[in-house]
Amino acid sequence: MLQQAKGTNFASESATGVYAVSYAGDTNIFIKGVGFLDSAQSHTVIMSSASFSNIEVAAPPLSEDDAFNSQTALGTLVYRLPGLADLLGVSQVLINQFSTITFDIKIRATLETGELHTFKCKVATNCQARYVRTYTPILNYISPQVNYYESNTMFAFDPQAVMSQIKDLASDEMVFINAKIGGSLLDFEF
C-alpha cells in the first residue's frame, strides 16, 4: 500500500464516494451520518457489490485508530477500507479477474433497545467505494526480502494509474509519502 500526496485533486471534503481504491485497500474514508452510537467500535461496516450478487459482507471491525479518530457525537466515523482479499476471503488470482469492483457501504449497529439499525446514504453513490485494479501499484523488487526495524530497504514498483490522481503538487512535495510492505511502514523521507 502506497500513501500518496494529496495535491488539489483531494482538496474537497464533499461526499462523493471513493472512486479509486487500490485492491490492497488501506484507503481512509470518513462516513458522515446522524444518530451514531457513542462508541465508534459499536458500528459494523457492511459492504455489498453487484459483482457478487449483492451479498452483504461485514467488513473487518473499526481499528483502535479508526475509533480514536471518529467523532460519533458530531456524526463522523473514520474507517480504513480493507484489501479485497481480506474482505472477501478469496485469492488475489480470483480478484484480478475483475478490472473494477464497486461496493455499496452501509453501517449497522445494535441500538440500546436491542434493535439492529442500518444507516444508509440518502444518495447511494455517495456511499460507494470503487476498487480499481489499475490503481493498485505492483511491487517488482524488494531487498532484503525480510523487513525489520531500521533495515535499509530498497524496492521498485510499477505505480500503474496512481500517477494520474496526483496533480498540482508543490515543488517540494514528493509524489509518494510512504509504502506499507508486509505490514511494515517504509518512509521515503530520511
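The values are calculated or read from the model by the stated rules, or taken from the named source; none is laboratory data. Not measured: the values here are computed from a predicted model. Every residue, glycine as well, gets a Cβ built from its backbone with ideal geometry; the counts of neighbours run over all protein chains shown.
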Fill in the blank from the handout: Residues of segment 127-161 being more than 17 Å from Ala59 (Cα to Cα) and modelled with pLDDT of 85 or more, in sequence order, are Val132, Arg133, Thr134
Fill in the blank from the handout: Within segment 65-82, the residues that are within 12 Å of Asn28 (Cα to Cα) and either in contact with a Cys (Cβ under 8 Å, 6 or more places away or on another chain) or of a type outside the set (S, T, N, Q) (or both) are Asp65, Asp66, Leu77, Val78, Tyr79, Arg80, Leu81, Pro82
Handout entry: Residue ID - surrounded by the fewest Cβ atoms within 10 Å (Cβ to Cβ), chosen from residues in segment 43-76 that are on the phi > 0 side of the Ramachandran plot and out of contact with any Ser or Thr (no Cβ under 8 Å at 6 or more places or on another chain)
Key = Ser53
Completion exercise
Flagged in segment 75-91 as more than 11 Å from the chain's Cα centre (by Cα) and under 16 Å from Val34 (Cα atoms), in numbering order, are Gly75, Thr76, Leu77
Practice task
Mind listing just one residue for me: the one in segment 154-188 that is of a type in the set (Val, Ile, Thr) and within 22 Å of Gln92 (Cβ to Cβ) and, of those, surrounded by the fewest Cβ atoms within 10 Å (Cβ to Cβ)?
Solution key: Ile181
Completion exercise
If you go through Ala129, Ala109, the only one that is closer than 22 Å to Ser53 by Cβ and outside any helix (DSSP H, G or I) is Ala129
Problem - Boolean, Asp104 is in contact (Cβ under 8 Å) with a residue 12 or more places away in the chain and in a strand (DSSP E or B) - result: yes
Handout entry: Check on Val93, assigned by TED's automatic domain parsing to the domain that holds Ala58, surrounded by fewer than 16 Cβ atoms within 10 Å (Cβ to Cβ) and free of Cβ contacts under 8 Å to residues at least 40 places away in the same chain
Key = yes
